[in-house]
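The values are calculated or read from the model by the stated rules, or taken from the named source; none is laboratory data. Because the structure is predicted, anything quoted here is derived from the model rather than measured. Every residue, glycine among them, receives a Cβ derived from its backbone with ideal geometry; neighbour counts consider all protein chains shown.
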Amino acid sequence: MLGIRFVKVEPTDFVIQYRRGKVVREGTGLSFFFFAPSTSLVRIPMGSTDVPFIFKEVTADFQEVSVQGQLTYRVADPKKLSELMNFTVSAAGDEYSSEDPEKLPQRLINLTQVLTRATLKSLPLRDALGQSGDLVDSIQRGMQTAGTVESLGIEVLDVSILAIKPVPETSRALEAEAREMILRQADEAIYARRNAAVEQERSIKENELNTEIAVENKKRQIKEAQMEAKKSVQRMEREISEAEMEARISLEQKNADLVELSTANSRKEADSRAYAVAAVMKALSNTNPRILQALMSADMKSGQLVAMAFRDLAESADKIGQLNVTPDLLRELLNSDKS
């Protein structure tokens, strides 16, 4: 029939059918026939939508930065959105009859930019570059409390900041400063490493010196122990020598006493013998010498007697004119001596 159309809506789309200004049906995933000349269809996507954005802002220290990110949202209340924006589709059901569906993402991007500007204008460049997480939190809180988002029936699911970049000149300056800082940190690390090496070398030297001192102390202790042992040995040797000396002195003293006693005894014996001899001599002093000689010659041998005879002859040599000694006599004397 002319003017009759059929429409089939996806489960992620919300459709509202108006006829003569009244809502005939509404819902997601519907399929129905309608009479195009008297029917208006409003079709609102209910699925999540990703909207990328990039814009430039100025930080608190008047440095321009480029903010790049993505906004994810979905339509939570399609009836509210249909009342504020025109999502009417053509009779064929495949095209929108106005540009409002295309304006919705831009409105959200504009709100995101406003919230981003409010945050960045209170942050210096360095903080802005390093605090993307704080910026995301600030934008999400602003979206939740924004009246525009609530009036449109939109739910913001996520906000992501992919990059915050300064202008190339500032970026090069920051890179140079960061490079210098890194080089300075590298120099400090080298200095610290060298200092640590010096400290370690000093510690090693100190340990070596302490070891040498300990060795010398140990040597000194050993030397003292050896000297003490030697002193002890010398003391013991001296004590032994003193004991030996005292023993010798005692022995010599005893020997001296013995000699003195022996001398006294010998003196007494000599005195006794002298007294005996003196007594004998006194007794013999009045005796004729001839008698004594005769007594002495009583036990003499012939040779001794001849010797005494020759002695007597020698004593009376001045009275003897001539003395003849025959060889036979001498022979007999010699033979008697041999015998």
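Could you tell me which numbered condition residue 21 fails, if it satisfies all but one of (1) closer than 25 Å to residue 111 by Cα; (2) surrounded by fewer than 18 Cβ atoms within 10 Å (Cβ to Cβ); (3) at pLDDT below 90?
Tallying (1) closer than 25 Å to residue 111 by Cα; (2) surrounded by fewer than 18 Cβ atoms within 10 Å (Cβ to Cβ); (3) at pLDDT below 90, residue 21 fails exactly one: (1).
Name the residues in the stretch 137-165 that are crowded, with 16+ Cβ neighbours inside 10 Å, of a type in the set (Val, Ile, Thr) and in contact (Cβ under 8 Å) with a residue 40 or more places away in the chain, would you?
Correct list: 149, 154, 156, 159, 161, 164.
What is the number of the single condition among (1) of a type in the set (Asp, Glu); (2) closer than 21 Å to residue 139 by Cα; (3) modelled with pLDDT of 90 or more that residue 77 does not meet?
Answer for residue 77: the failing condition is (2).
Could you please give the count of residues in the stretch 104-119 that are touching an Asp or Glu at 6+ places or on another chain (Cβ under 9 Å) and of a type in the set (A, V, I, L, M)?
Residues meeting the conditions: 0.
May I ask you to verify whether residue 220 is surrounded by 10 or more Cβ atoms within 10 Å (Cβ to Cβ), at pLDDT below 85 and farther than 30 Å from residue 80 by Cβ?
So residue 220 does not fit the description; no.
Restricting the stretch 46-85 to residues that are over 30 Å from residue 173 (Cβ atoms) and surrounded by fewer than 14 Cβ atoms within 10 Å (Cβ to Cβ), which is farthest from the chain's Cα centre (by Cα)?
That would be 83.
Among 138, 82, 122, which is at pLDDT below 90, among the hydroxyl-bearing types (Ser, Thr, Tyr), closer than 21 Å to residue 40 by Cα and not in a strand (DSSP E or B)?
Just one listed residue meets the conditions, 82.
Check the stretch 99-112 and report whether any residue there is touching a residue at least 40 places away in the same chain (Cβ under 8 Å), under 60 Å from the mean Cα position of the chain (by Cα) and either outside the structural domain of residue 21 (by TED's automatic domain parsing) or within 30 Å of residue 125 (Cβ to Cβ) (or both).
yes
Only one of these conditions is not met by residue 49: (1) more than 30 Å from residue 8 (Cβ to Cβ); (2) modelled with pLDDT of 90 or more. Which number is it?
So the condition that residue 49 fails would be (1).
So if I check each of 93, 133, which one is at pLDDT below 90 and at positive phi?
It is 93.
Looking only at the stretch 1-56, how many residues end up being of a type outside the set (Gly, Ala, Ser) and within 21 Å of residue 102 (Cβ to Cβ)?
Going through the stretch 1-56 one residue at a time, the tally reaches 20.
For the stretch 27-76, name all the residues that are β-branched (Val, Ile, Thr) and part of a strand (DSSP E or B).
28, 39, 42, 44, 49, 51, 54, 58, 65, 67, 72, 75
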